[in-house]
1. What nm distance separates the two modelled labels at residue 86 and residue 375, each placed 7 Å from Cα along Cα→Cβ?
2. Would you mind classifying segment 92-219 by shape? Square roots of the alpha carbon gyration tensor eigenvalues, ordered a ≥ b ≥ c; an a/c under 1.5 is rounded, otherwise it is prolate if a/b is larger than b/c and oblate if not.
3. Where a ≥ b ≥ c are the square roots of the eigenvalues of the C-alpha gyration tensor, would you call segment 244-302 rounded, which needs a/c under 1.5, or, failing that, prolate if a/b is larger than b/c, or oblate?
4. Please compute the per residue accessible area over segment 279-380 with all protein chains in place, 1.4 Å probe, rounded to a whole number of Å².
5. For residue 194, list long-range residues whose amide hydrogen, built 1.01 Å from N in the peptide plane, is under 5 Å from its own amide hydrogen.
6. With +1 assigned to the C-beta of every Lys and Arg and -1 to the C-beta of every Asp and Glu, and no other charges, what is the dipole magnitude of segment 245-378 about the Cα centre in debye, to the nearest 20?
7. Ordered by residue, what ³J(HN,Hα) values in Hz, to whole numbers, does segment 345-359 give under the Karplus form 6.51 cos²θ - 1.76 cosθ + 1.60, where θ = phi - 60° and Gly and Pro are x?
8. Taking every DSSP beta bridge with both residues inside the chain, roughly what % is antiparallel (nearest 5)?
Amino acid sequence: MKFGTKVIHAGIGPDPTTGAIMTPIYQTSTYAQESPGKNKGFEYSRTQNPTRQVLENNLAALENGKHGLCFGSGLAAIATVLQTLNPGDEVISTNDLYGGTYRLFTKIFGRFGIKIHFVGMEKPSDIEQHINKNTKLIWIETPTNPMLNIIDIEAVCNIAKKHKIITCVDNTFATPYLQTPLDLGADMVMHSATKYIGGHSDVVHGALICKDDDLAKELRFIQNSVGAVPGPQDCFLLLRGIKTLHLRVQRACENAAAIADFLLGHHKVKSVYYPGLESHKGHEIAKRQMSDFGAMISFNLKDDTREAAFNVLENTHYFTLAESLGGVESLIGHPASMTHASIPREERLAVGLTDSLIRLSVGIEDVEDLIADLKHALEQ
Ligand SMILES: *Cc1c(COP(=O)(O)O)cnc(C)c1O
């Protein structure tokens, strides 16, 4: 089954009880049992829910995995991965990553005795010096947020396998339409489904996908024990959004490529970070491991001040100033004061996240309008 067919059909059939084409919202917490322990496969909605189950199976298929697990948010999914670890275990993580993931790793799991090493993974061999007998997990985010660096998933996973370390890829920016990390050797894929998978900025949701039965069993045990599960209404919205994932991402990528070109030629712009540009240092790897370059762009200004950035951010019309990404509408943001405010300034600057860095989530509007909007804001 190819991708455009999968988003509509994989794991989804007419509802077995009524024939409803759209998966019903099973808004129930519990299920009648015939006699104790004898049931129709559902006991309690923290453990299983029919709407959620259809979504979990669909997501597993999209990532070429076997098992899907859904959560109340992307961070709840990430926490589940970390909860497979024990005090004393160590994690090696991408150093340029979603600010909330950084906060969860350092401020929450740090307190439980888990040590995190943040490493620039553009050169995969740099990882080796941080590996020791306690290393249990390698966390990869690519393209990275907000610098849009590209990490060679296959190369990192090969190093991990050599040392029997589990790998998880945050595939939020790429989506399974552009990149399937399990095919490149990763053990797990994580999504903030809040973003492209949902695609309509109307639900907060997370997911994990894996192939291995034992790993899935452990993750499912944590999912049920901790209880950070989504409700059926949110699962329905996700199922609805997914049906157009390929169309949305394709259009957003086309728009992003045109906008990156426009920014590159603008006299007020200093650098443009977009993996689709031949000048981008990860361009060749991106070409190999992704089918297109995504729709996230970051750029900074020649006048590298917060004020200059704010001037642009306050003067766009279609690009709405807001957190988040991956919806049909274009968004603009200032990572230093918004999504990445929880990262200390020195650490931000070390990865190139300067005060004038602006991040775009390019939507699916007409690109001429989007470019005119940016042009106007840059010329204020
Ligand atoms: C938003 C985001 C997360 C966190 O997901 P939530 O759904 O907001 O909890 C994690 N990783 C990336 C790359 C994100 O963009």
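The values are calculated or read from the model by the stated rules, or taken from the named source; none is laboratory data. All of these numbers come straight from a predicted model, not from anything done at the bench. Using ideal geometry, Cβ is built from the backbone for each residue, glycine included, and neighbour counts are taken over all protein chains shown. Calculation scope for accessible area: heavy atoms of the full protein, side chains included, ligands and nucleic acids excluded. Shrake-Rupley method; radii C 1.70, N 1.55, O 1.52, S 1.80 Å.
1. Result for the modelled spin labels: 6.2 nm.
2. rounded
3. Since a/c reaches 1.5 but b/c is at least a/b, the shape of segment 244-302 is classed as oblate.
4. 43
5. Here 74, 205 satisfy the definition.
6. 380
7. Running phi through 6.51 cos²θ - 1.76 cosθ + 1.60 with θ = phi - 60° gives 4, 4, 5, 4, 4, 4, 9, x, 7, 7, 5, 9, 5, 10, 10 Hz.
8. 55
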